[in-house]
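The values are calculated or read from the model by the stated rules, or taken from the named source; none is laboratory data. None of these values were measured; they are calculated from a predicted model. Every residue, glycine among them, receives a Cβ derived from its backbone with ideal geometry; neighbour counts consider all protein chains shown.
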Amino acid sequence: MSYERNRVPPEVKSDFLIIGSGLAGLYAALYASKFGKVTVLTKSTVEESNSFWAQGGIAAAIDPEDSAWFHIKDTLRAGRGLCNERAVELLVNEGIERVTDLIDLGMEFDMGDKGLDLGLEGGHTKRRILHAGGSSTGREIVSFLITAVEKNPGITKHESTGVVEFLSRDGRCYGALALDSDFEHRVFSAGSTILATGGASALYERTTNPGGSTGEGISIAYQSGARVTDMEFVQFHPTAFYSEDGGSFLISEAVRGEGAHLISTEGRRFMADYSDLGELAPRDVVSRSIYKEMKESGKDYVYLNLKHMDAEIIKSRFGNIYLACREFGVDITMDMIPVAPAAHYTIGGVSTGLRGETNIKGLFACGEVACSGVHGANRLASNSLLECVVFAKRAVDGALQSTDSATGMPGELLSNLTDCHLSGSSDAEQKTYIECRKNISSIMNRNVGMVRSGAGLQEAARELKECSGYLDKLTGYFKIKLNMILQVSLLIVRFSQFREESRGVHIREDFPVENPGWKSHIVLERGKEPQILKV
Ligand code: SIN
């Protein structure tokens, strides 16, 4: 990358550099602050993470009628043979401890008559979803942690500061180079760098994610030589609000957990035709069934019906969904909600071990940006917030236990950076960037969506490569951003071309069945051939 050289970038030093301020980043920051100085970077504001918008809740086997054994079994069954079983055991067992820690810290989850009000979601055989503020769980937990972070003198946060590359040398990461809101470069050096930037579902036109979830963290890590795993597994949430203009937002799975029905456009309740678990089948099964119904009817949506449910309970338990639908003229206590699947969660990501370690020393990853294999080929609902807290703590522990914490950035790495400054991009460039981003999201929706084919993926690869022509029209910040977005999109395409079977959330029209020969993870390192790792 070349920069205009006229200024020495200021350096901020800390023990832990946390990149991202969703649930994983905030939890990691709070825990790490017990052991050293922490810096948190976020490219937007702390309120704009994907976790902030999570509705459903956090799954934990804490009910006396439940046990870790049932939760592990449900997670493995959802994952279609690809879960890392040890990661699942840790998720579930340590998840109970982390949720208890949150409660001890003062986090208030919704209560019922007999204690915590535990919800049910698809793929869970027990009621085990803790929620807060009805269906505003992400907002409640993230706000709770933001308050704790803001009060903590050991943590400094920098908002509107986007990382553009890791500062690494000889397989070791020493921190990151970032751009602040004035497009000035800042050097953040740290003993350990923890990546927690979330997923990439906003690469798709129809998504439940905020616009910033475009997978930059995956791209930066991959460019620095970090391995990435299972990028083909993009989870589509079955029930995102459908509107003709493309606008979509999440209608939580918890709504089905409380008894909502899926109805075809011809008025038939159809899920029993596909699974004994009906509307509460795992997410991949429900999404595929909706897709089939849509294909048969020729319509772009089906309906979610809550009309038989108690109107007052709907309004109090799902207040934000009630209000969001009202804005589109749908009163969910009286009207059926048009819904269709939308890109929701990136199962693949930066390859990590069980303590968040990557193949680059000093670089750790946790939360949606990471792939430890805990979700296999299909994530169980509400296991993602749980993953954030369990693996954020594990990543900090990994950093603490690492024998080769960086003690300082090598002089030559720093001197290569001196005087770098990137000028801001013009309005015209911003327009070009927005246009190209729109093109990319429509390519992803059209040919890399829920159902894929070899021919469609080939076409997507061609079109995405064509989009890279836009890079010549851009400079500065938008060029860097577009490059990252294209890279992550192409990774999803490449991995999807590679996996010639249908498994979990990855559906290939031309390879419609699960192939036992493909019970493997795909791992890729820049400049190398993909590796197939048998489970
Ligand atoms: C939902 O509320 O349906 C989303 C929960 C999740 O993705 O785990």
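Taking the criterion of being crowded, with 21+ Cβ neighbours inside 10 Å and either on the phi > 0 side of the Ramachandran plot or in a loop (DSSP other than H, G, I, E, B) (or both), the residues of the stretch 180-201 that qualify are Ala196, Thr197, Gly198, Gly199, Ala200. The combined condition, being within 16 Å of the ligand (Cβ to nearest atom) and farther than 24 Å from Gly504 by Cβ, is not fulfilled by Glu244.
Could you list, in sequence order, all residues of the stretch 388-429 that are in contact with a helix residue (DSSP H, G or I) (Cβ under 8 Å, 6 or more places away or on another chain) and at pLDDT 75 or above? Within the stretch 388-429, Cys388, Val389, Val390, Phe391, Ala392, Lys393, Arg394, Ala395, Val396, Ala399, Glu429 meet the criteria. Look at Leu471 and say whether it is surrounded by fewer than 22 Cβ atoms within 10 Å (Cβ to Cβ), in a helix (DSSP H, G or I), among the aliphatic types (A, V, I, L, M) and without any contact (Cβ under 8 Å) to a residue 24 or more places away in the chain. Considered against the rule, which asks whether it is surrounded by fewer than 22 Cβ atoms within 10 Å (Cβ to Cβ), in a helix (DSSP H, G or I), among the aliphatic types (A, V, I, L, M) and without any contact (Cβ under 8 Å) to a residue 24 or more places away in the chain, Leu471 comes out as yes. Figure legend. Inter-residue proximity from the stretch 58-76: first residues closer than 21 Å to Ile141 by Cβ, second residues among the acidic types (Asp, Glu) and within 16 Å of the ligand (Cβ to nearest atom), beta-carbon distance below 9 Å, spacing 6+ or different chains. Indicated pairs: Ala59/Asp74; Ala59/Glu121. Ala342 meets the stated requirement of being within 14 Å of the ligand (Cβ to nearest atom), of a type outside the set (Ser, Thr, Tyr) and under 28 Å from Asp110 (Cβ atoms). Yes or no: the stretch 347-363 includes at least one residue that is touching a strand residue (DSSP E or B) at 6+ places or on another chain (Cβ under 7 Å), aliphatic (A, V, I, L, M), within 15 Å of Leu91 (Cα to Cα) and more than 16 Å from the ligand (Cβ to nearest atom). No, the conditions are met nowhere in the stretch 347-363. Within the stretch 228-241, the residues that satisfy the criterion of being in contact with a Leu (Cβ under 7 Å, 6 or more places away or on another chain) and either of a type in the set (S, T, N, Q) or away from the ligand (no atom under 16 Å from the Cβ) (or both) are Val228, Met231, Thr239. Selection within the stretch 265-295: residues that are buried (at least 19 other Cβ atoms within 10 Å of the Cβ) and polar (S, T, N, Q). The member of this set that is farthest from the ligand (Cβ to nearest atom) is Ser289. Scanning the stretch 343-380 for residues that are touching a helix residue (DSSP H, G or I) at 6+ places or on another chain (Cβ under 8 Å) and part of a strand (DSSP E or B) yields Ala343, His344, Tyr345, Thr346, Gly349, Val350, Glu357, Leu363, Phe364, Ala365, Ala370. When Met1 is tested against (1) at pLDDT below 95; (2) crowded, with 22+ Cβ neighbours inside 10 Å, only condition (2) is not met.
Take the conditions (1) outside any loop (DSSP other than H, G, I, E, B); (2) at positive phi; (3) not acidic (Asp, Glu); Gly259 misses just one of them, which is (1). In the stretch 236-263, the residues that are within 18 Å of Gly138 (Cβ to Cβ) form Cβ pairs under 9 Å with partners that are assigned to a strand (DSSP E or B) and away from the ligand (no atom under 14 Å from the Cβ), at six or more places apart or across chains, as follows: Thr239/Val302; Thr239/Ala340; Ala240/Ala340; Phe241/Pro338; Phe241/Ala340; Ser248/Ala340.
Within the stretch 498-514, which residues are surrounded by fewer than 21 Cβ atoms within 10 Å (Cβ to Cβ) and within 16 Å of Cys83 (Cα to Cα)? Of everything in the stretch 498-514, just one residue is surrounded by fewer than 21 Cβ atoms within 10 Å (Cβ to Cβ) and within 16 Å of Cys83 (Cα to Cα), namely Glu514. Among Arg256, Arg169, which is the only one that is within 16 Å of the ligand (Cβ to nearest atom) and of a type outside the set (A, V, I, L, M, F, W, C)? Of the residues listed, the single one that is within 16 Å of the ligand (Cβ to nearest atom) and of a type outside the set (A, V, I, L, M, F, W, C) is Arg256.
Here the stretch 309-328 is the region considered, the condition is being among the β-branched types (Val, Ile, Thr) and surrounded by 18 or more Cβ atoms within 10 Å (Cβ to Cβ), and the residue that is nearest to Ile251 (Cα to Cα) is Ile321. Taken over the stretch 209-227, the criterion of being surrounded by fewer than 24 Cβ atoms within 10 Å (Cβ to Cβ) and either assigned to a strand (DSSP E or B) or within 16 Å of the ligand (Cβ to nearest atom) (or both) is satisfied by Pro210 alone.
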